[in-house]
Amino acid sequence: MSENGHDSHGEMLVIIGSGPAGWTAALYAARAQLEPLCIIGVPKQDPGPVLPGGQLMLTTDVENYPGFPEGVAGPEMMGLFQKQAERFGARVVMDDVATVDFQHDSSVPHTMTLASGKTVRAHAVIIATGATANWLGLDNEMRLAQAGGGVSACAVCDGALPMFRDNPVAVVGGGDTAMEEAHHLSKFASKVYVIHRRDELRASKVMQERTLGKDNVEMVWNSTVVDVLDKKDEATGVDVIRAIVLEDVHSKEQRELDVSGLFIAIGHTPATKFLRESGLEFDDAGYIDLKHRSSVTNIDGVFAAGDVADAKYRQAVTAAGMGCQAALDAEHWLGAHALV
């Protein structure tokens, strides 16, 4: 290995993605003197906002990460993660990986083509691209979400905002995430309607009892949201939500429900689209399949960490732990192949 952390034929280690998993992997790899190259993506709408740094970039207060007793803003936390990794030699490229070839027949087997057209080759790769919230796909939903008009995919991020306090809001979904969102919103909203397309919930019994036991939480069964109606806020001039249009799944009858907020809680999609032809193995939901308690994938020298390979926990602290695992696994793999 040369002094700059990679040999003349390619990078020693490339980390795709950022967020808690990517930055923790970068920190550990950098402290191991691997000088990893971190390809962190660019801001985009897909269809909701996607930012380098992951979902925490859209979170106002993080109160459940160890070491921050007073809480910390998500973007501030990710900025600290990045600075710490860069302090030890991590290098950062703001670009997207368009395609990969993880089984190229060469001494540096893993090739990544970036959206800018550049090609990067590496001995080892860590994938930490995370997962993004699913949306309903309604035009007004996305327009109001992007404009700060009262549509959100994160109640913990936005639920305490003044526009939702002491006002009725709606949550769409039927799993544990929807129950958690509704429970959180019940602390601030005058009423929380949980909209579900079936007549029973997928959420655990514990979560159902905890949330539906709240006096201001009400279920709306067998219904879907087919439109989001807005009005002009007189004080700010911004278009904000005034109601949602519900459709009964059986009768197809529609009605309006007056709300000041709509929170989408219908799951997440792992950011693995660019990996579909890579030869990696995925589970039924599209997450990278890790068969053992490690970051090792089915492709030699390719590792995965964080929400891109975790459909269950999806927490910053678990993602960071997986990032640590991936860096250690990659370091050991490189050592075993006499590359470091």
- At R0 = 41 Å, FRET efficiency that the Cβ-Cβ distance of Asp258 and Tyr313 yields, to 0.05: 0.70
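Starting with the highest mean, order 124-134, 62-72, 196-206 by the number of other Cβ atoms within 10 Å, averaged over the residues of each peptide. Walk me through the numbers before you get to the answer.
Values: 124-134: 26.9, 62-72: 11.9, 196-206: 14.5.
Ranking, from highest mean packing down: 124-134, 196-206, 62-72.
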- Query: In nanometres, what is the gap between the two model label sites at Gln146 and Asp166, each 7 Å from Cα along Cα-to-Cβ?
  - Reply: 3.4
- Efficiency by 1/(1 + (r/R0)^6): what FRET value for Thr119 and Glu281, r their Cβ-Cβ distance, R0 = 25 Å, to the nearest 0.05? 0.50
- Stretch gain in nm, segment Lys291-Val226, where the contour uses 0.36 nm per residue and the Cα spacing is subtracted: 19.5 nm
- In debye, nearest 20, what is the charge dipole magnitude of region 135-264 about its Cα centre with +1 on Lys and Arg Cβ and -1 on Asp and Glu Cβ, if you could check? 240
- Round to the nearest 10 and give me the degree value, 0 to 90, for the angle of helix 19-31's Cα axis relative to the longest principal axis of the chain. 20
- Message: I need to check one value: relative contact order of the chain, counting alpha carbon pairs closer than 8 Å and at least 6 residues apart, in percent.
- Response: 20
- What is the sum of charges around Ser152, taking Lys and Arg as +1, Asp and Glu as -1, for the other residues whose C-beta is under 12 Å from the C-beta of Ser152? -3
- Item | Spatial separation of Cα centroids for region 71-106 and region 137-181, in angstrom | 29
- Residue separation times 0.36 nm, minus the C-alpha to C-alpha distance between Gln45 and Glu234: what's the value? 65.2 nm
- Task: For each pair in Lys214/Lys291; Lys83/Lys291; Lys231/Lys252; Lys83/Lys118; Lys187/Lys273; Lys44/Lys291, compute the distance between the two Cα atoms and list the pairs where it is over 29 Å.
- Result: Lys214/Lys291; Lys83/Lys291; Lys187/Lys273; Lys44/Lys291
- Item | Cα extents of the chain along the three principal axes, largest first (Å) | 65, 40, 39
- Message: Pairs of alpha-carbon atoms within less than 8 angstrom and 6+ residues apart define the contacts here; what relative contact order does region 135-264 have, in percent?
- Response: 29
- Item | Efficiency of FRET between Asp139 and Lys83 - r from beta-carbon atoms, R0 56 angstrom, step 0.05 | 0.90
- Query: Distance in nm between label sites at Val93 and Arg198, each 7 Å beyond Cα in the beta-carbon direction?
  - Reply: 4.4
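All of the numbers you see were taken from the coordinates with simple rules; none came from a lab. No experiment lies behind these values; they were computed from the predicted model shown. For neighbour counting, all protein chains shown are included, and Cβ atoms are generated from backbone atoms with ideal geometry for every residue, glycine included.
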